[in-house]
Structures are given as structure tokens and as C-alpha cells.
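Enquirer: So that we are looking at the same thing, I have put the structure below in C-alpha cells.
The values are calculated or read from the model by the stated rules, or taken from the named source; none is laboratory data. Computed from a predicted structure; not experimentally measured. Cβ coordinates were reconstructed from backbone atoms using ideal geometry, including for glycine residues, and neighbour counts include every protein chain displayed. SASA here: full protein model, heavy atoms, side chains in, ligands and nucleic acids out. Shrake-Rupley method; radii C 1.70, N 1.55, O 1.52, S 1.80 Å.
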Amino acid sequence: MKKIGIGIFLFFSLYFSASSQVNLSQGLVAYYPFNGNANDLSGNGNNGLLVNGVSLTTDRNGNTNSAYYFDGIDDYIKVPNSSSFNPNTDYSITFYFSTEQSSVQTIIGKINYNAGVGTQFQVAINFPPVPGVLFGVNPLSDGCGSPALNASYVNTGGTILLNRWYCVV
């Protein structure tokens, strides 16, 4: 009886979640579909600037010019600071990535390198001592000289595999 009850519950959960809609523009700070550029389509104007030769490549679904390739040396996309990137409440970041290297890498980060203060966050991979994905946050009052106050490690079951797409939420 438990198996039938769980199956029915899952069916209704899947049915209702599949038919519900989410308003992504409500509270959305930035949205980068990478459809030929690094422009923010949220309406907040947080457009990205390509730095040091970032180039378009094929995304996880095989769509050309729908993802960005970074050389692992000095390429990045810079988004100018905006008050919308200093949240006062919880926030979510979602993205896909694939890597060709097993070294420590920052995938997404926000920091004021000039002053070393301000709200900071970082998503990195293969950060010692735990392989996988790291997410850390420093609040507005903390400087970058100390470890992230709210850092947490997400163990993905081992080192990130090369040339494989991952979804991070």
C-alpha cells in the first residue's frame, strides 16, 4: 500500500508542478541566456562585458553561439556593480557549466577588488579540501581578507568530471 500511495503522490506532484507557472521577472536581478552576447534580459541593465578573448561556443543542447568559452587563464565576463547585486534577503543563482580542467576554478564571483569590502559571493569548483562545488558568501560589512562567513561545500560525489555539463542551483 505504501508503494501505491507514494506513486499516486508523485503523480499528483508531477502533474501539478508541470502545470504551474513561475513568474521569473518577480525579483529577478539578472538573466543571461547567452544568445550571442552577455546582455542581461531581466530588464535591470546588468549587461556583461567580455574581457580578454571570451568567445561564443556550443551550449549543452548543441546550440551554436549559446554559451561562452573561457581559456582558463584570464578570460571572464565582467558585470558592473549594481545595487541589485547587494541582496538583503535570500537569493538564488542557477547556471550550467562544463570544464576541461580539474584545477580550482571560480565559475561565478562578486567582489570589489579595489576596496575589498561589500557583499561578496563565489561559486568555485575543486576547491580543497572537498572536491565538487563550493558556494560562499560574505556580508556587506565583512572584508575579503577573512574566509567566507557563510561558506558551504556541496560534495558532488567526487571531483568534477571533465567535458560534462553540470547544473548548479
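Enquirer: I'd like the full set of residues that are in contact (Cβ under 8 Å) with a residue 24 or more places away in the chain and aromatic (Phe, Trp, Tyr), limited to region 40-75.
Expert: Within region 40-75, just TYR68 meets the criteria.
Enquirer: Return the total of residues in region 70-87 being assigned to a loop (DSSP other than H, G, I, E, B) and of a type in the set (Val, Ile, Thr).
Expert: 2
Enquirer: It is to be established whether one or more residues within region 88-96 are modelled with pLDDT of 90 or more, under 17 Å from the mean Cα position of the chain (by Cα) and either surrounded by 11 or more Cβ atoms within 10 Å (Cβ to Cβ) or not in a helix (DSSP H, G or I) (or both).
Expert: The answer is yes, given that some residue of region 88-96 is modelled with pLDDT of 90 or more, under 17 Å from the mean Cα position of the chain (by Cα) and either surrounded by 11 or more Cβ atoms within 10 Å (Cβ to Cβ) or not in a helix (DSSP H, G or I) (or both).
Enquirer: Given (1) closer than 19 Å to VAL169 by Cβ; (2) part of a loop (DSSP other than H, G, I, E, B), where does ILE107 come up short, assuming only one miss?
Expert: (2)
Enquirer: Kindly indicate the residue of region 50-69 that is part of a loop (DSSP other than H, G, I, E, B) and of a type in the set (Ser, Thr, Tyr) and also least open to solvent (accessible area, probe 1.4 Å) among those meeting that condition.
Expert: Looking only at region 50-69, we keep the residues that are part of a loop (DSSP other than H, G, I, E, B), and these are 52-54, 58-66.
Now narrow it down to the ones that are of a type in the set (Ser, Thr, Tyr): 58, 64, 66.
Numbers: THR58: 61, THR64: 99, SER66: 32 Å².
Among those that are part of a loop (DSSP other than H, G, I, E, B) and of a type in the set (Ser, Thr, Tyr), it is SER66.
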